[in-house]
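S.K.: If you scroll down you'll find the structure; I have some questions about it.
None of the figures in this text is laboratory data; all of them are computed from the coordinates on show. These numbers were taken from a predicted model, which means no experiment stands behind them. Here Cβ is always computed from backbone atoms with ideal geometry, including for glycine, and neighbour counts include all displayed protein chains.
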Amino acid sequence: MAGKGVFEEIIDGDVYKYYADGEWKKSASGKSVPIINPTTRKTQYKVQACTQEEVNKVMEAAKAAQKSWARTPLWKRAELLHKAAAILKDHRASIAECLVKEIAKPAKDAVTEVVRSGDLVSYTAEEGVRILGEGKFLVSDSFPGNERTKYCLSSKIPLGVVLAIPPFNYPVNLAVSKIAPALIAGNSLVLKPPTQGAVSALHMIYCFHLAGFPKGLISCVTGKGSEIGDFLTMHPGVNCISFTGGDTGIAISKKAGMIPLQMELGGKDACIVLEDADLDLTAANIVKGGFSYSGQRCTAVKVVLVMESVADALVDKVKAKVAKLTVGSPEEDCDITPVVTESSANFIEGLVMDAKEKGATFCQEYRREGNLIWPLLLDHVRPDMRIAWEEPFGPVLPVMRINSVEEGIHHCNASNFGLQGCVFTRDINKALMISDAMETGTVQINSAPARGPDHFPFQGLKDSGIGSQGITNSINMMTKIKSTVINLPSPSYTMG
Ligand SMILES: NC(=O)C1=CN([C@@H]2O[C@H](COP(=O)(O)OP(=O)(O)OC[C@H]3O[C@@H](n4cnc5c(N)ncnc54)[C@H](OP(=O)(O)O)[C@@H]3O)[C@@H](O)[C@H]2O)C=CC1
Ligand SMILES: O=C(O)[C@H](O)COP(=O)(O)O
């Protein structure tokens, strides 16, 4: 159970401790931050509100620990990561319980997130020993004017201290997707978990603590992003920021210093449906893509662009599937559960009311109780409605009818986001042409957008991000290239 048994060390009274220098600590601030259960709307947990001085100490410890970690053999780093992955999976039930209470993730999905995270950590360890075990050997005579007098040996070396800031919707998986590549590459890691999701993240960090990583190598500082976020992201001790979240990432990228940034931000993933699409397959993917975890996925289908000739048929099929979605509590593993905060629910309601005023067709009656919003499909959405462009991050899905493929592509590309998109058609040639034309980091053909499997490259264009995630890309991103050049007194050519 959360904060019980093996996890007792991480709680003091009713406030969870933060993790620094290999120890679980109370903040000198004497203040705590409440975590509101989205279902009950009551305080579920409390975490420490860390101070700037505590952040300074964490950064110093991270810098010192990184120096000796970088000297730890790669296979030993991998061994510890495998150990952490196994411990994480062993404690899946306790961590999943926190995800259910903090972010109202449906019970089964919560377990899946933890297991997926353990697999991600193990895969990263394996990938790391392969790609970091190789470097490059170059010779000078391939460049005009040079004899073979220089040998260049280049390899990947760590960046130093990596700051990881994940969002609320995958507080464990999107944390380990930063932690594991940072560590295997020889970096130290400071985690600032999302407030909603912080307790799940602290339990996950405890699994790394149990695995026996050196003191100071991994830290977890808690507190509101709005209060300690700027201090962390502008801290001179940080050598890389890996951030996943909303527009906050755009502000961070303007304030951060000259350090590598990995930004995975919002999306407005479009689903383009052609006349020849398999409408049953399409409807199933729209419902799964649009409504799983109540639409609170960056990769959720966020607008359907369907050819007018098949729109009625598709909308009927989607409506029938939406009617079967269960609505209620995450403990009961319902499909649709309360959205993360009251302000999020209010924002979603604002988009729905705007669409109502402007004449969208409501396929279901709009219904809300507290943070729980019943799934809603809005048909005949037009470009003058906010929902055509904005990301609801909730169980509300707009359908726009189009008269040509070009119209669909135009709408998709007019968005300031460019995360993923998908296209449904039986014509692979058309699908490829549309994929090439869509200004998004990934296009799925005949399936809903998805980040996983976690070793696939995952990236956003425009306001959806900088750089690319996915296990291999993240390891590479958290390293820099170091070269050593051997200069020979005279040219040396290898003989056959
Ligand atoms: N492209 C991708 O891979 C993904 C993108 N997202 C996007 O994330 C958004 C939803 O997640 P949400 O958690 O609400 O996003 P936010 O941007 O609100 O928060 C993300 C993280 O940033 C922290 N934070 C807040 N303010 C600052 C600051 N000034 N400096 C540093 N950190 C800060 C938050 O902490 P705190 O909670 O304490 O405020 C949280 O840990 C959506 O837009 C979604 O599309 C989500 C998942 C994946
Ligand atoms: O936040 C998100 O939406 C996740 O990155 C999505 O991951 P998934 O598409 O694999 O569920």
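S.K.: Does region 192-202 hold any residues that are more than 16 Å from ligand 2 (Cβ to nearest atom) and out of contact with any Ser or Thr (no Cβ under 6 Å at 6 or more places or on another chain), and which are they?
M.R.: To start, the set of residues in region 192-202 that are more than 16 Å from ligand 2 (Cβ to nearest atom) comprises 192, 195, 198-199, 202.
192, 195, 199, 202 - these are the residues of region 192-202 that are more than 16 Å from ligand 2 (Cβ to nearest atom) and out of contact with any Ser or Thr (no Cβ under 6 Å at 6 or more places or on another chain).
S.K.: For the list (1) exposed (fewer than 15 other Cβ atoms within 10 Å of the Cβ); (2) away from ligand 1 (no atom under 15 Å from the Cβ); (3) of a type outside the set (S, T, N, Q), I need the number of the one condition that residue 457 fails.
M.R.: (2)
S.K.: Quick test of your reading of the structure: residue 168 fulfils all but one of (1) assigned to a loop (DSSP other than H, G, I, E, B); (2) within 16 Å of ligand 2 (Cβ to nearest atom); (3) touching a Leu at 6+ places or on another chain (Cβ under 9 Å); (4) of a type outside the set (Ser, Thr, Tyr). Name the failing condition by number.
M.R.: Just one mismatch for residue 168, condition (3).
S.K.: Moving on to the next point. Checking residue 421 against (1) under 16 Å from residue 300 (Cβ atoms); (2) without any contact (Cβ under 8 Å) to a residue 12 or more places away in the chain, which test does it fail?
M.R.: (2)
S.K.: It is to be established whether one or more residues within region 140-158 are surrounded by fewer than 24 Cβ atoms within 10 Å (Cβ to Cβ), within 16 Å of ligand 2 (Cβ to nearest atom) and of a type outside the set (Lys, Arg).
M.R.: Scanning region 140-158 turns up no residue that is surrounded by fewer than 24 Cβ atoms within 10 Å (Cβ to Cβ), within 16 Å of ligand 2 (Cβ to nearest atom) and of a type outside the set (Lys, Arg).
S.K.: Among the residues in region 325-342, are any farther than 30 Å from residue 94 by Cβ and not in a loop (DSSP other than H, G, I, E, B)? Outline the logic, then answer.
M.R.: At the first step, the residues of region 325-342 found to be farther than 30 Å from residue 94 by Cβ are none.
Checked against the condition, which is being farther than 30 Å from residue 94 by Cβ and not in a loop (DSSP other than H, G, I, E, B), region 325-342 yields no hits at all.
S.K.: Continuing with the same structure: Looking at region 253-275 only, could you name the residues that are under 20 Å from residue 170 (Cα atoms), of a type outside the set (Asp, Glu) and either near ligand 1 (Cβ under 7 Å from one of its atoms) or touching a Gly at 6+ places or on another chain (Cβ under 6 Å) (or both)? Walk me through it before giving the result.
M.R.: Kept after step one, since they are under 20 Å from residue 170 (Cα atoms), are these residues of region 253-275: 261-269.
Adding the requirement that they be of a type outside the set (Asp, Glu) leaves 261-263, 265-268.
Listed by number, the residues that qualify are 262, 263, 265, 266, 267.
S.K.: Also, I was wondering about something else. If you check every pair at least six apart or on different chains, which have Cβ atoms under 9 Å apart with a residue in region 484-496 that is under 12 Å from residue 140 (Cα atoms) first and a residue that is among the aromatic types (Phe, Trp, Tyr) second?
M.R.: 485/151; 486/151; 487/151; 488/151; 492/151
S.K.: Let me ask you something else. Given the structure, is residue 471 within 16 Å of ligand 2 (Cβ to nearest atom), in contact with a helix residue (DSSP H, G or I) (Cβ under 7 Å, 6 or more places away or on another chain), within 30 Å of residue 130 (Cα to Cα) and among the aliphatic types (A, V, I, L, M)? Steps first, please.
M.R.: Working: within 16 Å of ligand 2 (Cβ to nearest atom): yes; in contact with a helix residue (DSSP H, G or I) (Cβ under 7 Å, 6 or more places away or on another chain): yes; within 30 Å of residue 130 (Cα to Cα): yes; among the aliphatic types (A, V, I, L, M): yes.
So residue 471 passes the test.
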